[in-house]
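Read the structure below first, then the notes.
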Amino acid sequence: MDILVSGSMAYDRIMDFDGKFSDHILPDQLHMINVSFTVNSLTENFGGTAGNIAYSLSLLGEKPRILATIGQDYHRYFEWLEQIKVPTADIRIVEEELTAGAYITSDTQSNQITGFNPGAMKHQSGFDFSTVDPNDCLAIVAPGNLSDMAEYTAEHQKRGIFSIFDPGQSLPAWQPDALARCISQSRMLVCNDYEMELISNATGMSRVQVAETVDTIVVTKGGDGCDIVTTSGTVSVPVVPADDAVDPTGAGDAFRGGLIKGLVEGVGIERAVQMGNVAGHYAVRKLGTQQYSFTMDEFNAKLKQAFG
């Protein structure tokens, strides 16, 4: 089965400041900030929603097709994707741009200052849907180029492709009507509990009313697990505890990989969400979005241990 993962490709550059931002920002001078922070370290991680979801799926034995753009500095990312056996043929290289980049500086109080350059993500990926069989295909539309997100959900509905809509951090950029339309053109909506509130506020629809426009809503709630919402009611799925959790970044994308794997295997939605929670369990135990790993034997053993 073809798994189409549309979204962003990015380099995450993470810096560590050994101090408190508040000691260097004067409250009465917020209208004219001019500060410089010397950081202890800088690490570069492979990131972006499409890249992160594809990585999770690769650990689960899948070879997803990434529908995204990447910049002239694509070489390191492509080498990594080749290493994890994820194809790159559907990724559009935009030679006049750099790959999207997040520049994140954290202080000792876990405060963060982030700058984001969309770079190549400003351009559409231009995927040719004639290369897939709609009856043997599943797609997820994750945060990325807004035009791609809108066009791909419409194309999925037109062609009868099972589609998951995952607006995530793109939500503030959507107009209410366009957001509601993308949800209704999809078979499943995946978001966290805060994003669900943003969706309700933007569209003017309650969670129940949103559920009437899409087959299934999966709402992730961090340490409180997930809710599966349909017109028939809500089913709660507990989290898989991780006493050694160090970083929630990327856990949502890992979850989506596990969820998709379950859907591809044809298990019920509750079991698929359980699989997503297991993938997220591994992700939170490592710093970075594509640093965790597991074997299929380890994954299946954890799934059985947690949920039977």
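Full extension from A154 to S22: what is 0.36 nm times the residue separation minus their Cα-Cα distance, to one decimal in nm?
Contour length minus Cα-Cα distance gives 42.9 nm.
What's the magnitude of the charge dipole for region 153-308 around its Cα centre, counting Lys and Arg as +1 and Asp and Glu as -1 at the beta-carbon? Answer in Debye, nearest 20.
In total the dipole reaches around 360 debye.
List the GluC sites (Glu not before Pro) in region 171-253 that DSSP assigns to loop (not H, G, I, E or B) and whose Cβ has at most 12 other Cβ atoms within 10 Å. Which are they?
Loop-located and lightly packed - E212.
Given 10 °C and 1.306 mPa s, compute D for the chain with the Stokes-Einstein relation, Rh being the Kirkwood radius over Cα pairs; round to the nearest whole µm²/s.
79
Pop out the ³J(HN,Hα) list for region 181-198 in order, Karplus 6.51 cos²θ - 1.76 cosθ + 1.60 with θ = phi - 60°, rounded to Hz; leave Gly and Pro as x.
After applying 6.51 cos²θ - 1.76 cosθ + 1.60, I find 5, 5, 5, 5, 7, 10, 8, 9, 10, 10, 7, 8, 5, 5, 5, 4, 5, 4 Hz.
Using 7 Å Cα-to-Cβ label points, what is the T108/N300 separation (nm, one decimal)?
4.9
Give me the one-decimal nm value for the distance between modelled label points at A245 and D73, 7 Å along each residue's Cα-to-Cβ direction.
Spacing of the two 7 Å Cα→Cβ label points: 3.2 nm.
Check cross-link reach from K261 to the lysines: straight Cα distance under 25 Å, and skip same-chain residues fewer than eight apart.
K63, K85, K158, K221, K286, K302, K304
How much mean residue ellipticity at 222 nm does the chain get from its helices, if each DSSP H run of length 4 or more adds -39500 (n - 2.57) and you divide by all residues, to the nearest 500 deg cm²/dmol?
Mean residue ellipticity at 222 nm (helix-derived): -10000 deg cm²/dmol.
Stretch T88-V267 to full length: gain in nm at 0.36 nm per residue minus the Cα-Cα span?
Contour length minus the Cα-Cα distance gives 61.6 nm.
Note the full-extension length gain between N40 and N135 as 0.36 nm times their separation in residues minus their Cα-Cα distance, in nm to one decimal.
Stretched fully, the N40-N135 segment lengthens by 29.1 nm.
Calculate one ³J(HN,Hα) per residue across region 155-165 by plugging θ = phi - 60° into the Karplus curve 6.51 cos²θ - 1.76 cosθ + 1.60, and present them in order as whole Hz with x for glycine and proline.
Computed from phi, the couplings for region 155-165 are 5, 4, 4, 4, 8, x, 8, 5, 10, 9, 9 Hz.
With everything on Cα atoms, drop me the angle between helix 269-283 and the longest principal axis of the chain, reported from 0 to 90° to the nearest 10.
With rounding to tens, the tilt is 20 degrees.
Counting only DSSP beta bridges with both residues in the chain, what percent are antiparallel, rounded to the nearest 5?
Approximately 45 percent, going by the DSSP bridge assignments.
What is the angle, in °, between the Cα long axis of helix 251-265 and the longest principal axis of the Cα atoms in the chain? Nearest 10 is fine, range 0 to 90.
20
Just to verify a number: FRET efficiency for D224 and A173, C-beta to C-beta distance, R0 = 25 Å, to 0.05?
FRET efficiency, D224 to A173: 0.35.
Treat each spin label as a single point 7 Å out from the Cα along the C-beta direction, and report the S206 to I33 distance in nm.
Reported label-point gap for S206 and I33 is 4.0 nm.
With unit charges on the beta carbon (Lys/Arg positive, Asp/Glu negative), name the residue among V214, M9, H24 whose Cα is farthest towards the positive pole of the charge dipole of the chain.
V214
Given Cβ point charges of +1 (Lys, Arg) and -1 (Asp, Glu) and nothing else, what value in debye, to the nearest 20, does the dipole of the chain about its Cα centre take?
Value, rounded to 20: 520 debye.
No value in this document is a laboratory result; all are computed from the given coordinates. As the structure is a computational prediction, the values presented were derived from the model and not from experiment. Neighbour counts run over all protein chains shown; Cβ positions are idealised from the backbone, glycine included.
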